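The values are calculated or read from the model by the stated rules, or taken from the named source; none is laboratory data. Values in this document were obtained by computation on a predicted structure and should not be read as measured data. Glycine also receives a Cβ, built like all others from the backbone with ideal geometry; neighbour counts cover every protein chain displayed.
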Amino acid sequence: MRQLPLAVTFAISAGKARGVVWSGAMMAEFWVFGYGSLMWRPGFAYADRSPALLTGLHRQLCIYSHVHRGTPDNPGLVMGLDRGGRCRGIAYRIDEKDRIATIDYLRAREQVAMVYIESLRTIELMGEKRRKVRALTFVVDRGHDQYAGRLGLDQQLDLVLKGVGQSGRCIDYVRSTAAHLAEIGVRDHGLEALVEALDKGRNA
């Protein structure tokens with residue numbers, strides 16, 4: 001697992017964060033950036049929540065799912081943060097007393113296949129008082145064998161229709177993600193095109 005750089009170093013034992021050592025670049029605040037299900041189902045305690053913008057990465061169905069929404073033989077597709085563009089999401093500020101528990105939880109939830117690189121990125125909080133902070137993000141590892149890259153619509157349809165994993169059908173994941181993004185006012189044109197194709201039965 002690739003760990004957070006410089007400002008935060010984790011002492012790892014049995015694959016879990018057991019403690020946090022704050023270096024000379026100590027972070028007064030600790031934020032987590034959510035771009036998928038963390039936006040509406042964070043699953044951890046937080047002290048503050050704000051719409052946020054991340055520049056330099058974009059949300060994309062770019063990860064083959066071998067566990068939650070597919071299997072190695074019939075992979076599904078799930079979201080990742082990939083290079084380029086911008087991504088609107090939700091940022092959460094975590095109290096110091098909750099940081100270790102939050103990181104443990106996120107690693108258990110997000111790093112089942114170790115397909116993400118843990119990275120501190122600059123984001124812009126888009127609330128009443130706009131400001132920039134550093135936030136923990138989970139960026140897709142392009143060197144991982146589950147990195148799918150940019151797939152065409154027909155390729156996406158095939159994977160989404162076939163994928164079924166421990167958390168259910170991939171098609172349900174895609175529809176749910178699109179619906180939740182729409183509810184909070186986030187447009188994802190690629191995902192919307194995929195849902196439209198599913199609705200039109202382009203797989204027939």
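How many residues, within the stretch 150-197, are farther than 23 Å from PRO42 by Cβ, of a type in the set (A, V, I, L, M, F, W, C) and assigned to a loop (DSSP other than H, G, I, E, B)? Residues in the stretch 150-197 being farther than 23 Å from PRO42 by Cβ, of a type in the set (A, V, I, L, M, F, W, C) and assigned to a loop (DSSP other than H, G, I, E, B): 1 in total.
Per this entry, LEU159 is counted among residues that are in contact with a strand residue (DSSP E or B) (Cβ under 6 Å, 6 or more places away or on another chain), modelled with pLDDT of 90 or more and buried (at least 17 other Cβ atoms within 10 Å of the Cβ).
Here is a yes/no grid of residues against (1) over 15 Å from GLU29 (Cβ atoms); (2) touching a helix residue (DSSP H, G or I) at 6+ places or on another chain (Cβ under 8 Å); (3) outside any strand (DSSP E or B); (4) β-branched (Val, Ile, Thr):
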| position | (1), (2), (3), (4) |
| --- | --- |
| THR102 | no, no, yes, yes |
| TYR105 | yes, no, yes, no |
| ARG109 | yes, no, yes, no |
| ALA113 | yes, no, yes, no |
| ILE117 | yes, no, no, yes |
| ARG121 | no, no, no, no |
| ALA135 | no, no, no, no |
| VAL139 | yes, no, no, yes |
| GLY143 | yes, no, yes, no |
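Checked across the stretch 160-174, the condition of being touching a helix residue (DSSP H, G or I) at 6+ places or on another chain (Cβ under 7 Å) and without any contact (Cβ under 8 Å) to a residue 40 or more places away in the chain holds for at least one residue. Within the stretch 94-131, the set of residues being of a type in the set (Gly, Ala, Ser), under 17 Å from the mean Cα position of the chain (by Cα) and exposed (fewer than 14 other Cβ atoms within 10 Å of the Cβ) comprises just one member, ALA108.
Taking the conditions exactly as written (over 18 Å from the mean Cα position of the chain (by Cα) and either without any contact (Cβ under 8 Å) to a residue 60 or more places away in the chain or part of a helix (DSSP H, G or I) (or both)), does LEU81 satisfy them or not? In short, no. Test VAL139 against the stated conditions and say whether it is touching a Gly at 6+ places or on another chain (Cβ under 9 Å), surrounded by 13 or more Cβ atoms within 10 Å (Cβ to Cβ), at pLDDT 95 or above and not acidic (Asp, Glu). When the stated conditions are applied, VAL139 passes them. Take ASP48 and decide whether it is in contact with a strand residue (DSSP E or B) (Cβ under 8 Å, 6 or more places away or on another chain), modelled with pLDDT of 95 or more and crowded, with 21+ Cβ neighbours inside 10 Å. In short, no.
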